[in-house]
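**Q** The following block contains the structure, expressed as structure tokens.
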Amino acid sequence: MRYFFYGTLLDPDVRAHILGSWINRRPLPKARLSGYRRVYIRGRHYPVVIPAAGDAVEGVLAEGLDRHAVRLLAEFESDEYVDAERTVLVGDGRTVRARVFVASPLARPTDTPWTVEVWQRCHKGEFARRLRASFR
């Protein structure tokens, strides 16, 4: 199974914590999800993607995930997300179908764009502490 990662799972430490260190030994090609925009969820420091014609979200493609990895991803994501299939453009020019956690009806997206660089600099430490305490 393939997944498009666009938020905190862009960070190698978060990926390893959720899926195990094996994930960072695999190639994770750059990919793009067109027709969406990445924004903060209200009251959170992590993002969600919402439909936005003409926009695109940069991320990475994780291919060959097994059922165990998919279950771990589903545990990690909250009810603010829905696991959906979308088309993504991979950096090597392929267009593939991949699973993407998009906004659920419970998500409260803002208009503020989210970037992994700002998140790593400002919020990763607290996120990692909470993750260690609550996940796995």
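The values are calculated or read from the model by the stated rules, or taken from the named source; none is laboratory data. Just so we're clear, the structure is a prediction, and the values are computed from it rather than from any experiment. All Cβ positions, glycine included, derive from the backbone under ideal geometry; neighbour counts span all protein chains shown.
**Q** What residue, among those in segment 88-114 that are of a type in the set (Ser, Thr, Tyr) and touching a residue at least 24 places away in the same chain (Cβ under 8 Å), is surrounded by the fewest Cβ atoms within 10 Å (Cβ to Cβ)? Outline the logic, then answer.
**A** The initial filter retains those residues of segment 88-114 that are of a type in the set (Ser, Thr, Tyr), namely 95, 104, 110, 112.
Cutting the leftovers down to touching a residue at least 24 places away in the same chain (Cβ under 8 Å) gives us 104, 110, 112.
Details: 104: 15, 110: 15, 112: 10.
Checking each candidate, the answer is 112.
**Q** Now, a different point. Collect the residues in segment 21-45 that are farther than 21 Å from residue 95 by Cβ and out of contact with any helix residue (DSSP H, G or I) (no Cβ under 8 Å at 6 or more places or on another chain), keeping them in residue-number order. First the steps, then the outcome.
**A** Our first condition is that a residue be farther than 21 Å from residue 95 by Cβ; within segment 21-45, this holds for 21-25, 39-45.
Listed by number, the residues that qualify are 21, 22, 25, 39, 40, 41, 42, 43, 44.
**Q** Using the structure shown, decide if residue 55 is surrounded by 14 or more Cβ atoms within 10 Å (Cβ to Cβ) and touching a residue at least 60 places away in the same chain (Cβ under 8 Å). If you could, list the steps in order and put the result at the bottom.
**A** Values: surrounded by 14 or more Cβ atoms within 10 Å (Cβ to Cβ): yes; touching a residue at least 60 places away in the same chain (Cβ under 8 Å): no.
So residue 55 fails the test.
**Q** Within 21 Å of residue 18 (Cβ to Cβ) and either small (Gly, Ala, Ser) or more than 16 Å from the chain's Cα centre (by Cα) (or both), is that true of residue 56?
**A** Values: within 21 Å of residue 18 (Cβ to Cβ): no; either small (Gly, Ala, Ser) or more than 16 Å from the chain's Cα centre (by Cα) (or both): yes.
It is false that residue 56 is within 21 Å of residue 18 (Cβ to Cβ) and either small (Gly, Ala, Ser) or more than 16 Å from the chain's Cα centre (by Cα) (or both).
**Q** Further question on the same structure: Restricting the search to segment 82-96, which residues are of a type outside the set (Lys, Arg) and not in a strand (DSSP E or B)? Step through it out loud before you land on a result.
**A** Residues of segment 82-96 that are of a type outside the set (Lys, Arg), as a first pass: 82-85, 87-93, 95-96.
Listed by number, the residues that qualify are 91, 92, 93.
**Q** Confirm whether residue 69 is outside any strand (DSSP E or B) and buried (at least 18 other Cβ atoms within 10 Å of the Cβ). If you could, list the steps in order and put the result at the bottom.
**A** Working: outside any strand (DSSP E or B): yes; buried (at least 18 other Cβ atoms within 10 Å of the Cβ): yes.
The answer is yes for residue 69.
**Q** Shifting gears a bit: Only one of (1) modelled with pLDDT of 95 or more; (2) touching a strand residue (DSSP E or B) at 6+ places or on another chain (Cβ under 9 Å); (3) of a type outside the set (Gly, Ala, Ser) is not met by residue 77, so which one is it?
**A** In the conditions (1) modelled with pLDDT of 95 or more; (2) touching a strand residue (DSSP E or B) at 6+ places or on another chain (Cβ under 9 Å); (3) of a type outside the set (Gly, Ala, Ser), residue 77 misses (1) alone.
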